[in-house]
């Protein structure tokens, strides 16, 4: 019997990767995406181009231009299909943008997730529910770590327990500045855990580092690597916000993340939380990224430096993925940072 996957934010970076991955596994795909990314960030961030690609590539792909906050519309979709896996990636993804419209941010991220969870519980309770959360649920607590300034990056003190693998799931989510975005994502994050533990449903939360890949509609407020490549490739000015350009992020390719979803679906658990990013395997500072991209594209970046960092922004964030690897030992990375950069430079949307 054919299995069916429901993917929200299906024309976005992780959503479209999920469509491709699960379609190739033989799943029927139902996608929900109303291109709110265009509303958030303007025309350059629209995902319409990606949706058109998906429709061409997968003629059986069924698309709904629905808003995840609209319970009537979402309930109808759940009544019309039975789902084996639900991958919920639709979100307002920028901590800068959230401060402009907190109500929109919270209703999309928190209320929209509750709408998805409740319909999952009522109509497809045997499915696996995957939620893409964010490392911003930890707020700016990572900035309290003992950091050392090196020539091109910040690094954590080598005697600290996080030095070897990165930040694990035991970091506190309390008493920090999360950004409005971080708070709305955290509300959803806790609710996904609760539906797993309280209702005994198969749910998993992935607290992502930088998620990236060539299908990212990168823009200044969201999509660090894709937007940086786009700026250097087109000669557009790129602004570095604070920390001397030495801030570090771990970057995970969208394929590696979606492959992790697949492993969870094979052997689901209830209300589990995973930090998920490039880990020590794939991380880079802003300065290092600019240097590498300039080399690949053979172009000089046009850089502007703004002294003030983004409010609550992380100085150094590397995800410890060892809990996930312990639970799913057959999963591993396919891409490292160099492979990711080469692919975005060769295939990126700009």
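Which residue out of 91, 110, 5 is in contact with a strand residue (DSSP E or B) (Cβ under 6 Å, 6 or more places away or on another chain), within 20 Å of residue 129 (Cβ to Cβ) and at pLDDT 95 or above? Break it down stepwise before answering.
Numbers: 91 fails: in contact with a strand residue (DSSP E or B) (Cβ under 6 Å, 6 or more places away or on another chain); 110 fails: in contact with a strand residue (DSSP E or B) (Cβ under 6 Å, 6 or more places away or on another chain).
Answer to the selection: 5.
Note on region 268-282: among residues that are part of a loop (DSSP other than H, G, I, E, B) and in contact with a helix residue (DSSP H, G or I) (Cβ under 8 Å, 6 or more places away or on another chain), the one that is farthest from residue 233 (Cα to Cα) is 269.
Residue-by-condition table, conditions (1) in a strand (DSSP E or B); (2) modelled with pLDDT under 95; (3) in contact with a helix residue (DSSP H, G or I) (Cβ under 7 Å, 6 or more places away or on another chain); (4) within 25 Å of residue 27 (Cα to Cα):
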| position | (1), (2), (3), (4) |
| --- | --- |
| 260 | no, no, yes, yes |
| 264 | no, no, no, yes |
| 284 | yes, no, yes, no |
| 287 | no, no, yes, no |
| 294 | no, no, yes, no |
| 300 | no, no, yes, no |
| 310 | no, yes, yes, no |
| 334 | no, no, yes, yes |
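For every residue, the table says whether it meets (1) on the phi > 0 side of the Ramachandran plot; (2) surrounded by 18 or more Cβ atoms within 10 Å (Cβ to Cβ); (3) touching a residue at least 60 places away in the same chain (Cβ under 8 Å).
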position: 17; (1), (2), (3): no, yes, yes
position: 26; (1), (2), (3): yes, no, no
position: 33; (1), (2), (3): no, yes, no
position: 39; (1), (2), (3): no, no, no
position: 45; (1), (2), (3): no, yes, yes
position: 51; (1), (2), (3): no, yes, no
position: 55; (1), (2), (3): no, no, no
position: 81; (1), (2), (3): no, no, yes
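As a summary of the residue check, residue 230 satisfies the conditions (1) touching a residue at least 24 places away in the same chain (Cβ under 8 Å); (2) touching a strand residue (DSSP E or B) at 6+ places or on another chain (Cβ under 7 Å); (3) under 24 Å from residue 37 (Cβ atoms) except for the one numbered (2). Residues in region 196-227 that are part of a loop (DSSP other than H, G, I, E, B), in contact with a strand residue (DSSP E or B) (Cβ under 8 Å, 6 or more places away or on another chain) and either at pLDDT 95 or above or surrounded by 22 or more Cβ atoms within 10 Å (Cβ to Cβ) (or both): 200, 201, 209, 213, 223.
Per-residue answers, yes or no, for (1) farther than 30 Å from residue 245 by Cβ; (2) out of contact with any helix residue (DSSP H, G or I) (no Cβ under 8 Å at 6 or more places or on another chain); (3) in a helix (DSSP H, G or I); (4) modelled with pLDDT under 95:
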site	(1), (2), (3), (4)
117	yes, no, yes, no
126	yes, yes, no, no
130	yes, no, no, no
133	no, no, no, no
137	no, no, yes, no
143	no, yes, yes, no
152	no, no, no, no
159	no, yes, no, no
164	no, no, yes, no
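The values are calculated or read from the model by the stated rules, or taken from the named source; none is laboratory data. Everything numeric here is computed off the predicted structure, so don't read it as measured data. Positions of Cβ are backbone-derived with ideal geometry, glycine not excepted, and every protein chain shown enters the neighbour counts.
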